[in-house]
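The values are calculated or read from the model by the stated rules, or taken from the named source; none is laboratory data. Computed from a predicted structure; not experimentally measured. A quick note on method: Cβ atoms are made from the backbone with ideal geometry, for glycine too, and the neighbour counts reach across all protein chains shown.
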Amino acid sequence: MLAQLFGCSLWFSVNGVSHGLAADWGVTVGDLGALTAAVQAGFILGTLTLAITGLADRFRASDILVCSALAGAALNLGFVWFADNLVTGWAYRAAIGVCLAGIYPLGMKLIVSWSRDLPGFSLGILVGMLTLGTALPHGLAALGADWPWQSVLVVVSAMACVSALMVWRIGNGPYGIPKSPKLRMGAVVQAFQVPAYRGAALGYFGHMWELYAFWMLVPWLVLAVLGPDASNALVSGWSFVIIGIGALGAIWAGWLGRRLGSARLAFVSLAASGSVCAIFPWAVDWGQAVALLLLMVWGFFVIADSAQFSAISAKACDPKTVGSALAMQNSIGFFLSIGSIVWVSQLAETMDVSVVWWLLPGPFLGLWAMRRYLQFRAIG
């Protein structure tokens, strides 16, 4: 779990130092959206490669994760030392996204290999670590408010190396699926013929339209609530809290899902995050305390459903293609997240916080798909 936390700190490492990049590179909200989208694009390329070729089920998950974490750490250092503008920065961030494709979905497969019959709970903890890893650069920026932004990214690379070392020492669990004797080109597409997988995947796609665009906007939303005079440390600290509290949401959903079922928890969480998204623009006028509290509630529920969608998919599809099926689901979801990230980041430069209403189609359509394809009494 700690390995996932440290490895996924690469994801939003640049977002955590956006103030420093704004000073050195003149980065705007739209530029930050482009750098965030670069990671998503690289992640899509990586997960598509793993899914379509079957590599995710051909090699040991731990081996892929170790190599990916080390490569991601090196590329993050390359961003520090060699990137000096948005073009080179975009290239490095896209390459880091490819590496993350070998960390996040393979981490899911790895945790399933250590947990025979509690995938929802185990994946909930794993996604909780992903969320803390996403929030961690903001926390580092808040603690090291006087650090150069380059120092924060060096610490993130060091944590990714620790992640690789931990996975190398732990290895694969006793319940893993034996690796396939040959590549299963295109076999993963058959998973979409299963209604439960299709319902979980479509719900996940709606969730992804909202999730990463929200995480990208968090510092901007916090600044809108606190006012332009708020210090960088204060904005980073609140951003860490709002994103990081999602770890509790993911673990809560995994624990409660054992009683109520993953489908019910995913539906409730997606409905809750969508509801907060709908009312937040009005809440800014209700006072800082109320607005910050709502952002924390949003941060809690916006990620709580993620692991439950993966748990449903992992149960529904052929065990021999579970790694590829999860990678394909991730790939399509992250492709959609690029659209929402770029769209709202550009609109944010000319709109107020009502820009978050452009995230609402995700939860709405995701909830519709779940009601259409998932039988809540039958799916755990």
Since Arg258 meets every condition but one in (1) free of Cβ contacts under 8 Å to residues at least 60 places away in the same chain; (2) under 28 Å from Arg371 (Cα atoms); (3) of a type outside the set (A, V, I, L, M, F, W, C); (4) surrounded by fewer than 17 Cβ atoms within 10 Å (Cβ to Cβ), which condition does it not meet? (1)
Between Ala160, Ala201, which is at pLDDT 75 or above, under 29 Å from Arg372 (Cβ atoms), under 20 Å from the mean Cα position of the chain (by Cα) and in a helix (DSSP H, G or I)? Ala201
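Using the structure shown, decide if Trp209 is more than 15 Å from the chain's Cα centre (by Cα), modelled with pLDDT of 85 or more and of a type in the set (Phe, Trp, Tyr).
no
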Taking segment 351-380 as the search range and keeping residues that are touching a Ser or Thr at 6+ places or on another chain (Cβ under 9 Å) and at pLDDT below 85, which one is surrounded by the fewest Cβ atoms within 10 Å (Cβ to Cβ)? Gly380
Those residues of segment 246-255 which are at pLDDT below 85 and surrounded by fewer than 24 Cβ atoms within 10 Å (Cβ to Cβ) amount to Trp255
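Residue-wise test of (1) in contact with a His (Cβ under 8 Å, 6 or more places away or on another chain); (2) modelled with pLDDT of 90 or more; (3) more than 30 Å from Gln346 (Cβ to Cβ); (4) not in a helix (DSSP H, G or I).
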residue	(1), (2), (3), (4)
Ala22	no, no, no, no
Asp31	no, no, no, no
Thr36	no, no, no, no
Ala51	no, no, no, no
Ala71	no, yes, yes, no
Met108	no, no, yes, no
Between residues in segment 90-103 that are among the small types (Gly, Ala, Ser) and residues that are in a loop (DSSP other than H, G, I, E, B), which pairs lie under 8 Å by C-beta distance while being six or more apart or on different chains? Ala91/Ala83
Out of (1) under 16 Å from the mean Cα position of the chain (by Cα); (2) more than 29 Å from Leu347 (Cα to Cα), the odd one out for Phe82 is which? (1)
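Name the residue that is modelled with the lowest pLDDT, counting only residues in segment 212-245 that are among the hydroxyl-bearing types (Ser, Thr, Tyr) and assigned to a helix (DSSP H, G or I). Full working, then the answer.
Of all residues in segment 212-245, those among the hydroxyl-bearing types (Ser, Thr, Tyr) come to 212, 231, 236, 239.
Remaining after also requiring assigned to a helix (DSSP H, G or I): 212, 236, 239.
Details: Tyr212: 90, Ser236: 87, Ser239: 93.
By that ranking, first place goes to Ser236.
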Considering only residues that are modelled with pLDDT under 75 and in a loop (DSSP other than H, G, I, E, B), which ones fall in segment 120-148? Gly144, Ala145, Asp146
Could you list, in sequence order, all residues of segment 178-198 that are at pLDDT below 75 and among the β-branched types (Val, Ile, Thr)? Val188, Val189
